[in-house]
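Report on the structure given below.
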Amino acid sequence: MTVVGAVLGIGLSGSVAFAAGDNGAVAARPGVTVDSSYVGGLPLDDWCQRTGHARSGIVRWDVYGWVCVDHDGRQSGIDLNAACRTYWGSDTYAAYTNYYDPYSWGCYRD
């Protein structure tokens, strides 16, 4: 499986939100409610490095395609909710707005 490198940013100051569902990650919310407030994106490469990996990558073009990649190429799922809580506070959670757009993840607060 090929891993796409160079992650483009969305959200605030070059940040990106991400997912990895089938790759062992904890599932995040599959949508945003009317009461949800967007608080920001996630610095994906930083999160992967912070958790002991080399970088982030995309292995599939949908919201569950994001992974962290080790120096030897091994891939790991990403716990989106944990990442949101780390960067944006304990009352935030990850959600996406378009299943077919891996860049549509963000962190939200009700």
query = If we keep just the residues of segment 86-110 that are in contact with a strand residue (DSSP E or B) (Cβ under 8 Å, 6 or more places away or on another chain) and part of a helix (DSSP H, G or I), which is most open to solvent (accessible area, probe 1.4 Å)?
reply = Trp88
ask   = Which condition does Gly40 not pass, out of (1) under 12 Å from Trp105 (Cβ atoms); (2) modelled with pLDDT under 95, if it passes all the others?
value = (2)
ask   = What residue, among those in segment 63-76 that are open to solvent by 10 Å² or more (accessible area, probe 1.4 Å) and at pLDDT 95 or above, is nearest to Asp35 (Cα to Cα)?
value = Ser76
key: Every pair of residues 6+ apart whose Cβ atoms lie under 8 Å, when the first sits in segment 80-105 and is closer than 19 Å to Thr51 by Cβ while the second is open to solvent by 70 Å² or more (accessible area, probe 1.4 Å) and assigned to a strand (DSSP E or B)   = Trp88/Arg109; Gly89/Arg109; Thr92/Arg109; Tyr93/Arg29; Tyr93/Arg109; Ala94/Arg29
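The values are calculated or read from the model by the stated rules, or taken from the named source; none is laboratory data. In this text, all values refer to a predicted model and were calculated from it rather than measured experimentally. Note that each Cβ is placed from the backbone with ideal geometry, even for glycine, and that neighbours are counted across all protein chains shown. Quick note on the areas: whole protein, heavy atoms, side chains included, nothing else; ligands and nucleic acids left out. Shrake-Rupley method; radii C 1.70, N 1.55, O 1.52, S 1.80 Å.
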